[in-house]
Amino acid sequence: MLYQKAILLAPGNMYLQFDYARMLFNTGKYEKAEPWFRKYHAYDPSNKETSFFLDEIGYNTGKFTDTLEMVRRLKNQGKT
């Protein structure tokens, strides 16, 4: 697979990893996409698109606890 080869050549390219996760998500491979989105989320926790994808994965895989936790974090992100 081209994405996997590209990631091996540029392991620090987080945008490439995010695109790979999005491709997995768009092809219904939620379980494979989740760890890539989590890795990107750790890199950029303020990225709302990553949070959206993780929420959708939680919904589509029945991991509602993870989704609720993510919603709580997003809700509190704007508060200081």
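The values are calculated or read from the model by the stated rules, or taken from the named source; none is laboratory data. This is a predicted model, so every value here is computed, not measured. Heads up, the Cβs are rebuilt from the backbone with ideal geometry, glycines too, and the neighbour counts pull from every protein chain shown. Keep in mind that these areas ignore ligands, DNA and RNA; they rest on the heavy atoms of the full protein, side chains included. Shrake-Rupley method; radii C 1.70, N 1.55, O 1.52, S 1.80 Å.
Points worth noting:
- Solvent exposure ordering (accessible area, 1.4 Å, most first) of Arg38, Arg22: Arg38, Arg22
- Straight-line cross-link partners of Lys29 among the aspartates and glutamates, defined as a Cα under 15 Å from its Cα and at least 8 positions apart when in the same chain: Asp19, Asp55, Glu56.
- Every helix of 4 or more DSSP H residues in the chain counts as -39500 (n - 2.57), and over all residues that averages to -25000 deg cm²/dmol at 222 nm.
- Axis angle, to the nearest 10 degrees, between helix 14-26 and the longest C-alpha principal axis of the chain: 80 degrees.
- Helix 64-77 vs. the chain, principal-axis angle (Cα, 0 to 90°, nearest 10): 70 degrees
- Relative to the longest principal axis of the Cα atoms of the chain, helix 48-61 runs at roughly 90 degrees.
- Environment charge of Tyr20, counting only residues whose C-beta is closer than 15 Å and scoring Lys/Arg +1, Asp/Glu -1: +2
- Using the Cβ-Cβ distance between Val71 and Leu16 with R0 = 35 Å, the FRET efficiency computed as 1/(1 + (r/R0)^6) comes to roughly 0.80.
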